[in-house]
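Following: one structure in structure tokens, then a few remarks.
The values are calculated or read from the model by the stated rules, or taken from the named source; none is laboratory data. Values in this document were obtained by computation on a predicted structure and should not be read as measured data. No Cβ is skipped: glycine too gets one built from the backbone with ideal geometry, and neighbour counts run over all protein chains shown. Accessible surface areas use protein heavy atoms only, side chains included; no ligands, DNA or RNA. Shrake-Rupley method; radii C 1.70, N 1.55, O 1.52, S 1.80 Å.
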Amino acid sequence: MLKINEVYKREKTHPEKIIQFGEGNFLRGFVDVLIDEANEKGVLDASVVVVQPRSDSKVDLFDSQDCLYTLLTRGINDGETVDEDRVITCISRCISPYRNYMEFLDLAKNEELNLIISNTTESGIVYNGNDEPVDMPPSTFPAKLTALLYARFKAVLGDASRGFLILPTELIEQNGDKLKEIVFAYAKKWELREEFIPWVEKSCCFANTLVDRIVAGYPREETLTLEQRLGYEDRLLDVCEPFLQFFIQCDESFRDRIPFENLGFDVQFVDDLTPYRLRKLRLLNGAHTASVLSAFLEGKETVSEMMSDENYPVFLEKLLSEEIVPFIDMDKQGLQEFAFAVLNRFKNPFIKHRLFDISLNSVSKFRVRNLTSLVEYYKANGVAPTCLCYSLAALIRFYKGEWREGKLIGTIGQTEYEIRDSLEILVDITKAYESDDVIREILSNTSLWGIDLTQIYGMYEKVAFYYDDIMEFGVAHALEHITKGE
């Protein structure tokens, strides 16, 4: 079969104006389609240079397809089935700083480049004191960004009109502020010229953002069928849902660099991201974290498969309506509408959102996404919430494993899986399993949760009950205690 670039050719070449740190499924299914749409409608004239943030380079794959790929948008929108394909053409090239660091730094010399977008996962915006300015490249994304900004500062001789709008889309609170803070920390540690930080302050804008779209990535099971439908081979094929929300908090003087507001997508400039972030974190992300490990242990593979089981829609509706929504200080009707949309998005039969993929870093995800709901419920009711206790029991069962060649391997039935989290968390969990009371050891570990969860009335008893039930009779039996009111 012919490759995508042997069938499809770009109709127009746009000047390189955007640097994108990250080549993964999310950015290609989220921001690149916005750029492509803006180019098509004539409100933007820009192509994207992708920078590979990690050493496991996909440069050759991008090169082999002339940086073209297909985005499939699949799902239900306003009651109508959506199943559309679009060839994304906005990426001009892909660079690996690990292969050619000077090619990366040379981007600073192109004064048309004025926008930087990133998605390096929640753990990407970090500081590493071992990074040095002589490293080629330094290890972290913020260090690479610092090096690039400093190269730009020198290339433009400190011209304040030649800075960047920087749009991090990593799912951490105040992502732009955090990224800026780390960039300044590197600048000070590396003893860069004293004029550099004032130049960044004046000429660059680190926007805070909130993004929401399920991007399932490469559809492995359907590859042959889809390629026959499309008429070409595409190893960068990406699948997303119709739903898209993009909230941006940035200085007004930079907004014209991202004319995404009138493209038919929900893109908004806002003064405060807090309520939107809280809603998404606790309803959408919290519902994912509270359910996917249970479903995985039951042998299910995707979120849509989970939702086809009669127990999970009931469980999630109870979780959202009783344990999360009442304890968020926002308009309740709006929250209920968002919760309803979440359940419908989870049911999307076209999106193969793998439970195992979502399982990454589940302990830290539970702490960030679900712990506040748990504590707020307890404060209001004087007892631990049932659904969240069940989800913790499933999490503890999921993390039960044995070390093999430096990896913690779990087993459910005949299936083995890697338990993926920070080494510190995995070691803590493993030590807890050596105890006579694993539940108490894990719940009381303040390094995992920030608080001693055994101090919450009913927490230990509920989690231990569901854990024992899962171990003896399986997930379905334990879940039915909740969904059937037993």
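Pairs meeting the criteria (first residue in the range 69-96 and without any contact (Cβ under 8 Å) to a residue 60 or more places away in the chain, second residue surrounded by 20 or more Cβ atoms within 10 Å (Cβ to Cβ) and not in a strand (DSSP E or B), beta carbons under 6 Å, at least 6 apart or on different chains) are ILE95/PHE104; SER96/GLN52. THR454 meets all of the listed conditions (1) within 18 Å of PHE366 (Cβ to Cβ); (2) hydroxyl-bearing (Ser, Thr, Tyr); (3) outside any helix (DSSP H, G or I) but one, namely (3).
For the range 343-377, the set of residues classified as crowded, with 20+ Cβ neighbours inside 10 Å and without any contact (Cβ under 8 Å) to a residue 60 or more places away in the chain consists of PHE346, TYR377, listed by residue number. Here the condition is being open to solvent by less than 50 Å² (accessible area, probe 1.4 Å), touching a residue at least 40 places away in the same chain (Cβ under 8 Å) and of a type in the set (Val, Ile, Thr); of THR415, THR430, THR386, it holds for THR386 alone. Taken over the range 38-49, the criterion of being in contact with a strand residue (DSSP E or B) (Cβ under 9 Å, 6 or more places away or on another chain) and either open to solvent by 10 Å² or more (accessible area, probe 1.4 Å) or under 11 Å from ILE258 (Cα atoms) (or both) is satisfied by ASN39, LEU44, ASP45, ALA46. Condition check for ASN25 on (1) open to solvent by 20 Å² or more (accessible area, probe 1.4 Å); (2) modelled with pLDDT of 95 or more; (3) out of contact with any Lys or Arg (no Cβ under 7 Å at 6 or more places or on another chain); (4) under 23 Å from PHE246 (Cβ atoms): one failure, at (2).
Please indicate, with yes or no, whether at least one residue in the range 364-374 is touching a Lys or Arg at 6+ places or on another chain (Cβ under 8 Å), closer than 30 Å to SER435 by Cα and not in a helix (DSSP H, G or I). So far as the range 364-374 goes, yes, one or more of its residues are touching a Lys or Arg at 6+ places or on another chain (Cβ under 8 Å), closer than 30 Å to SER435 by Cα and not in a helix (DSSP H, G or I). Across the range 115-131, the qualifying residues are those that are open to solvent by 70 Å² or more (accessible area, probe 1.4 Å) and of a type outside the set (Gly, Ala, Ser), and the one among them that is nearest to the chain's Cα centre (by Cα) is GLU122.
Contact annotation: residue pairs with Cβ atoms under 7 Å, 6 or more positions apart or on different chains, pairing a residue in the range 119-130 that is in a loop (DSSP other than H, G, I, E, B) with a partner that is open to solvent by less than 50 Å² (accessible area, probe 1.4 Å) and aliphatic (A, V, I, L, M), are ASN119/LEU27; GLU122/ILE172; ILE125/ILE172; ILE125/LEU179; ILE125/ILE182; TYR127/ILE182; TYR127/ALA185; ASN128/ALA143.
Quick grid of which residues meet (1) closer than 20 Å to TYR466 by Cβ; (2) assigned to a strand (DSSP E or B); (3) touching a strand residue (DSSP E or B) at 6+ places or on another chain (Cβ under 7 Å); (4) aromatic (Phe, Trp, Tyr):
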site	(1), (2), (3), (4)
ALA394	yes, no, no, no
ARG397	yes, no, no, no
TRP403	no, yes, no, yes
ILE409	no, yes, yes, no
GLU416	no, yes, yes, no
ARG420	no, no, no, no
LEU426	no, no, yes, no
ASP436	yes, no, no, no
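Might you let me know whether the range 285-302 holds any residue that is over 18 Å from LEU395 (Cα atoms), open to solvent by 10 Å² or more (accessible area, probe 1.4 Å) and among the hydroxyl-bearing types (Ser, Thr, Tyr)? Scanning the range 285-302 turns up no residue that is over 18 Å from LEU395 (Cα atoms), open to solvent by 10 Å² or more (accessible area, probe 1.4 Å) and among the hydroxyl-bearing types (Ser, Thr, Tyr). Within the range 50-84, the set of residues being open to solvent by less than 10 Å² (accessible area, probe 1.4 Å), at pLDDT 95 or above and either over 24 Å from the mean Cα position of the chain (by Cα) or closer than 17 Å to THR169 by Cβ (or both) comprises VAL50, VAL51, GLN65, LEU71.
Taking the range 28-37 as the range and being more than 24 Å from VAL7 (Cβ to Cβ) and either open to solvent by 10 Å² or more (accessible area, probe 1.4 Å) or assigned to a helix (DSSP H, G or I) (or both) as the test, the residues that pass are VAL31, LEU34. Taking the numbered list (1) assigned to a helix (DSSP H, G or I); (2) crowded, with 22+ Cβ neighbours inside 10 Å; (3) of a type outside the set (Val, Ile, Thr) in turn, LEU210 passes all entries but (1).
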